[in-house]
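Colleague: Below you will find the structure I want to go over with you.
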Amino acid sequence: MSFTLNVSHLALVFLTGTTYLLARAIYDLFYHPLRIYPGPKLWAVSRLPLSRVFISGKAHHRVRKLHDRYGPVVRVAPDELSYCHPDAWHEIMGHRGHGVPENPKDLTTFPTVFHKSILAANSNDHARMRRVSAPRFSATALKRQEDTLSYHVDLLILQLHEHCQNGKLPLDIISWINCATLDIISALVFGESFHCLQSTSYHSFVSLIFKGIKLAAYLACVRKFAFVDALLSVLTPRRFTEKPETLFPWSSEQISRLLEDDKNNMRQQEEDRLTKQEVITNASVFLVAGSETSATAISAAVFYLASDQLKLATLAQEVRSSFKHESEITSTGLQGLPYLNAVLEESLRMYPPVAGALPRKIAKGGCVLLGRHVPENTLVSIWQWPLYRNPNYFVSPDSFLPERWLNIPRLGNNSTRAFRPFSYGPRDCLGKSLAYIEMRLILARIIWNFDVQITEESQLWEKKSRSYIAWEKGRMLVYLMPRTG
């Protein structure tokens, strides 16, 4: 009798669950406010298909195919829309007018420890943090730091000369570029670098980044399910959010230096002061954003150039003919090199450091996007990689053509409005100017010093890359031949 009751209870639970899922699917398909948007039917009734391709690292390819089939707006989950249109930047992320609330970031995308950082803070806290941090990235401040940048680029070039074996043996250029960008940003943030270039090994923070990329993607997927997000919030130890220094491999001296530097910032109004938690988490954000994104763009540029010797020769001719001596290569001098800047822009287009989506949540009351009303709490996103590979906005989108940025008529029109590699609006990248300085200096100095050839093993480097918001790049083996003459 007891066994029969248990079976009956299980059957009732199963039937109830099945009925709920079926009813929910019918609602999502035929009655949900987003039913008017095109997209795969299975994706409209479940978030699982998007989550599955996301954790595969190939979601950027799948989302591109969806936009190719369905158009500029695609329903990619029951409550999420993907946009592939230049106007979406302003309409989703731009200033929405005085007194109109922004579309906030979706917090489930970010690890909990970063929720009170400049990356994910609410609009008021974000504005306060930006006021405090902006002077560090001003043109004047970066000019004062040029010696620091030059020192680390000098060290990078020295190490490349020592390890390239005169072009006889390949080396992993990505690891060296990552070391350089991390040393630069750590020197700017802490006043002392992590000495990755000198030790010829990654700092533990770099290892943490690489290991965390895929884990963060998994967490971002599962946290989109409300019950999982609630469970993780309960299970996450409070010390990770209240004392972020327990997560990051900073020394007590580095943390003290951070706090003292913040305390000595006389430009801050008292109400703008950052808490200890905010100082530490923001430092972590700056280290990741200021190293990994620049390193990704430079690595991509090296790959595309080494894969096309004609374009590499064009850049080498420009760089080597513009300066008599290597010591003359400065950030100011490099600004005026059109082909160098075109190469970097094209590398950012072909291989954007943030290839995936950082969704926003539509604010209370909803809004109109691309002429259609979108209800509040809908997730909306712009996938950079599919947008930059869209033939409606870029001629021959899968070809590496730096010339498209030089206004050459035969290449037709390319949409600069679509191209926002450092995001857009009041939350655009604070360190964009620093990133361009880093990218120009490092790439130009490599090209000044070396001829570059890619190994057969690494010719499929781009295709083998996986995108989990940031890229999981893998090694890129190249031959560096010191230039003669």
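Every read-out reported here was derived from the displayed coordinates using simple, explicitly stated rules and does not represent laboratory data. This is a predicted model, so every value here is computed, not measured. Note: ideal-geometry Cβ built from the backbone for every residue, glycine included; neighbour counts use all protein chains shown.
Colleague: On each of the three principal axes of the Cα atoms of segment 1-145, give max minus min coordinate, whole Å, ordered largest first.
Modeller: Rounded to whole Å, the extents work out to 82, 41, 36 Å.
Colleague: Here is a follow-up. If we restrict to alpha carbons, what Rg and Dmax does the chain come to, in Å?
Modeller: 24.2, 95
Colleague: A further question follows. Give me the distance in nm between label points sitting 7 Å out from Cα along the Cα-to-Cβ direction at ARG69 and ALA134, one decimal.
Modeller: So the label points at ARG69 and ALA134 sit 4.5 nm apart.
Colleague: Here's another thing I want to ask about it. Could you tell me the convex hull volume per residue, in Å³, taken over the Cα atoms of segment 396-439?
Modeller: Per residue, the Cα convex hull of segment 396-439 comes to 98 Å³.
Colleague: Right, here's the next one. Would you mind checking segment 284-326 for residues with the amide N under 14 Å from a putative spin-label position 7 Å along Cα→C-beta of GLN459?
Modeller: What the label zone holds, given the 14 Å backbone N cut-off, is 306-309.
Colleague: If packing is taken as the mean number of other Cβ atoms within 10 Å per residue, what is the order of 158-166, 289-297, highest first?
Modeller: So the order, starting with the most tightly packed, is 289-297, 158-166.
Colleague: Per-residue counts of other Cβ atoms within 10 Å, averaged by peptide: what ranking do you get for 108-121, 52-65, highest first?
Modeller: Top to bottom by mean Cβ count within 10 Å: 108-121, 52-65.
Colleague: How far is helix 204-222 tilted off the main Cα axis of the chain, in degrees rounded to 10, range 0 to 90?
Modeller: The helix 204-222 is inclined about 30 degrees to the chain.
Colleague: As a check on your grasp of the helix formula, calculate [θ] at 222 nm for the chain: sum -39500 (n - 2.57) over DSSP H runs of n ≥ 4, divide by the residue count, round to the nearest 500.
Modeller: Roughly -16000 deg cm²/dmol at 222 nm, from the helical runs in the chain.
Colleague: Please list, short to long, the whole-number percent of alpha-carbon pairs of segment 292-397 in consecutive 10 angstrom bins beginning at zero.
Modeller: 13, 30, 27, 16, 10, 4, 0
Colleague: Which cross-chain or sequence-distant (5 or more) residues have an amide H under 5 Å from the amide H of LEU477, H modelled 1.01 Å from N in plane?
Modeller: The list, which skips near neighbours in sequence, is THR455, SER458.
Colleague: How much net charge surrounds ARG483 when only other residues with a Cβ under 13 Å from its Cβ are counted (Lys, Arg +1; Asp, Glu -1)?
Modeller: Its environment carries a net charge of 0.
Colleague: Whole percent per 10 Å bin, from 0 to the bin with the longest distance: what is P(r) over all C-alpha pairs of segment 324-383?
Modeller: All Cα pairs, binned at 10 Å, distribute as 18, 25, 19, 19, 13, 5, 0 percent.
Colleague: Note the per residue figure in Å³ for the convex hull of the C-alpha positions in segment 387-475.
Modeller: 158
Colleague: Could you compute the net charge surrounding PRO72? Neighbours are other residues with a C-beta less than 13 Å from the C-beta of PRO72; K and R count +1, D and E count -1.
Modeller: Overall, the nearby charge balance is +1.
Colleague: Report, to the nearest 10°, how far helix 146-163 tilts away from the longest principal axis of the Cα atoms in the chain, using its own Cα long axis and a range of 0 to 90°.
Modeller: 80
Colleague: Now a separate question. Evaluate the distance, in nm, between pseudo-label points positioned 7 Å from the Cα of ASN392 and of ALA127 along their respective Cα→Cβ axes.
Modeller: Between ASN392 and ALA127, the label points sit 3.4 nm apart.
Colleague: Working from Cα positions, state the angle (0 to 90°, nearest 10) between the long axis of helix 173-190 and the longest principal axis of the chain.
Modeller: 80
Colleague: Beta carbons within 10 angstrom, averaged per residue: use that to sort the peptides 181-191, 355-365, highest first.
Modeller: 181-191, 355-365
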